[in-house]
Amino acid sequence: MFLPQKMDKILIISLDEYKSRIIKYFHEKGVMQVASTDLNKDFPLELSKDIHSLLVKIERIFETFSLVREEKTKKEQIKNFLGEYLTYREEERQKFPEFRKFLVEHSGEINGIYKRVEDLSAKISKDKEKIEYLQSEYELLSKIEFDIDLRYLGRDKFIFICIGKLKKDIEDEEIVLYKKEDYVFVISPIDKIDKVLRNVDIIEIKKTGTPKENLEKIEKEIEDLKKEICNYEEEIKKIKNKKEKLFKAYHEILNIEKERADIPTRFGRTGKTMVITGYLPKEEVSTVNRDINDLTKGHCHIELLGGDDPPVKLSNPKVIRPFEMLVEMFGTPKYSEIDPTFILAPVYILFYAIMLGDVFYGVLQTIFAFLLYRGIGKKSKGMRDFSYILLACGIATIIAGAIMGSYFGDIFKYGGYKIPSLLNPLENPMSLLKLALIIGIIHLNVGITLGLIKNVMNKSYKSVLFENISWYFTQIGGGILIGTFFQWFLFSKTVINMGIVFALIGVSLIVYDKKGLSFFDFTGFLGDWLSYARILALALATSGIAMTVNIVARMVYGLPIIGIILAFLVFVGGQFFNFVLEALGSFVHSLRLHYVEFFSKFYESGGKKFVPFRMERKLTEVIE
């Protein structure tokens, strides 16, 4: 819990004939991160090209499916959102034979559907290009208002006829010009063609009939092409509705086999043997050793290697494990570094609860988080962890809200009820400020203590003295002297003298270590401590805005006819807006107090996250 899980680097040498079995074992067990070896590289499995080809085809099919999604109303979109994110129905796994048999039975179907979908997609693209060309022609012809047959445009032995834009006036009695809007219709003797070309931007139109007749033809052509596209898209939709679920299962199988086919590129090989190196948790070593010996019938050599910095796998109790995502958002701890999750989890919940601090806001968040956890949280680990954090913070907010006496602000006051509170931020802000600063100084000193432990573990005793112990002396001495000066506390002469000594020792150590920059260390520590006042600021904002919404709703309630409806809209809209705004603020500022103020005292991060060779199988099941 306090440190990442202990890892071992393992070396496995076995015969080539056991390669597929060993790969399958590690892929299904998911306990080892495979490392690249420095020996001669192995090659992908023989089926790799077929797998890649089929995967590319299926992904191309899905890409085409996504381009013909049905237009949905707002109501349908909301229903789909609620269905996807807030509810979850586990699909029955589809059963398939082992992979080689799967290829024989289903690759023909994949190739056939791919060919048909690509053919339909190509036809749609071709028709869209035609429409684009016709629309450009339509735009051009719609601006030409000359009622002439376009077949006569061009030249013969005696005359030249064209339509274009006039760049410069032509003064020649033998050249006839008819102007309409921006365009000019030109009839010229053939020997005057050079003058026309110099002064007119000629538009090439290869049509017969009048512009009006051509516009009607183009409109019909575009309409026919659009209908044709609709028919192609309908056919793709039918294929999608019939095959999409099945092809997702195909994609999962192929993706699993692709990972197995590609992983040998990290192996080494010597003649008829293969060499595998990787990292796995120390607790798994004995199990893996036994299982690999069983798989290879003893034809293997396994040993543990020392050496480089291993990847990091965090090891926390299940109740706080989701909070690892908040630590990893800042950075994965180094292998020998303290994992701060065990401190971050409870303190983050505490900060969030005080900042949001309203019973009904906590209820709203708890319900939303629970639905999210039971919905998309079942499909996505990231969303499951996130919804768990929201759920924990929501429950804590209900408790904090009850202590602070906030229920949509002061809503019960308008019903004539007086709700008792132990710590109302609007009525007694100084008490909450004191609490925030007390929590802050404790939080900072926990960080300093963790820094001390880290420095002792790393045998960096100079840092222990100058970066950790120095601040203990400074705080104790400074607290005694400041408390005495402002008469907050009554200390004996002996305690005051001790405070002076402690302060001098602490300040001297910091000044000696940082020299002229020590001033910024003192102001930085003070700034870090005062930053915890944001806990009060957020709590005040939550209660204050909620109370303001109630006041405005009460004011408009008295309006004739629309008063009740308007008050309802103001109350619901205002409270929901405040809930979302303050929940976001609480989430961000609780993180900030950890990332900036707390982590800066001990946490470096920079570790490499443990990424095991593990398959993700959710839709399929293999029949052995």
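The values are calculated or read from the model by the stated rules, or taken from the named source; none is laboratory data. Since the structure is predicted, the reported quantities are computational estimates derived from the model, not experimental observations. In this analysis, Cβ positions are derived from the backbone assuming ideal geometry, glycine residues included, and neighbour counts consider all displayed protein chains. Surface areas here come from the heavy atoms of the whole protein model, side chains and all, with no ligands, DNA or RNA. Shrake-Rupley method; radii C 1.70, N 1.55, O 1.52, S 1.80 Å.
Quick rundown of the values:
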read-out: The range 444-513, relative contact order [Cα under 8 Å, separation at least 6], %; value: 35
read-out: Separation of the L246 and K272 label points, Cα + 7 Å toward Cβ, nm; value: 4.4
read-out: Label-point gap, in nm, between L305 and V611 - each point 7 angstrom along Cα→Cβ; value: 1.9
read-out: For the range 99-145 versus the range 461-516, the gap between their alpha-carbon centres in whole angstrom; value: 77
read-out: Distance from the range 518-562 to the range 571-624 (C-alpha centre basis), Å; value: 24
read-out: Rounded FRET efficiency, nearest 0.05, which uses the C-beta distance separating K220 from E92 and R0 of 35 Å; value: 0.10
read-out: The range 367-457: C-alpha gyration tensor shape, a/c 1.5 cut-off, then a/b vs b/c; value: oblate
read-out: 12 Å cut-off, amide nitrogen to a point 7 angstrom out along E174 Cα→Cβ, residues in the range 190-231; value: 190-196
read-out: Residues in the range 496-514 reached by a label modelled at K462 [backbone nitrogen below 20 Å; 7 Å Cα→Cβ]; value: 506-514
read-out: Length gained when the stretch K6-I159 is fully extended (0.36 nm per residue, less Cα-Cα span); value: 45.7 nm
read-out: Theoretical FRET efficiency, 1/(1+(r/R0)^6), r = Cβ-Cβ of F489 and L530, R0 22 Å, to 0.05; value: 0.60
read-out: Distance in nm between pseudo-label sites at K143 and V363 (7 Å out along the Cβ direction from Cα); value: 6.5
read-out: Dipole magnitude of the chain, debye to nearest 20 (Cβ charges: Lys/Arg +1, Asp/Glu -1, about Cα centre); value: 1860
read-out: Over the chain: helical MRE at 222 nm, DSSP H runs n ≥ 4 each giving -39500 (n - 2.57), nearest 500; value: -19500 deg cm²/dmol
read-out: Members of K313/K601; K126/K207; K165/K227; K462/K601; K29/K378; K130/K180 lying beyond 25 Å, as alpha-carbon distances in this model show; value: K165/K227; K130/K180
read-out: Cα shape, the chain, gyration tensor, a/c 1.5 rule; value: oblate
read-out: FRET efficiency for E621 and S600, using Cβ-Cβ distance with R0 set to 60 Å, rounded to 0.05; value: 0.75
read-out: Mean Kyte hydropathy of 1.6 or more with a Cα span along the axis of at least 20 Å, helices from DSSP in the chain; value: 341-356
read-out: Cα-based shape type of the range 206-355, given that a ≥ b ≥ c are square roots of the gyration tensor eigenvalues and the cut on a/c is 1.5; value: oblate
read-out: With DNA, RNA and ligands ignored, accessible area of L356 (1.4 Å probe; Å², nearest 10); value: 0
read-out: For the range 404-433 versus the range 149-177, the gap between their alpha-carbon centres in whole angstrom; value: 87
read-out: Farthest positive-ward along the range 194-296 dipole, Cα basis, beta-carbon charges - from V275, A261, I203; value: V275
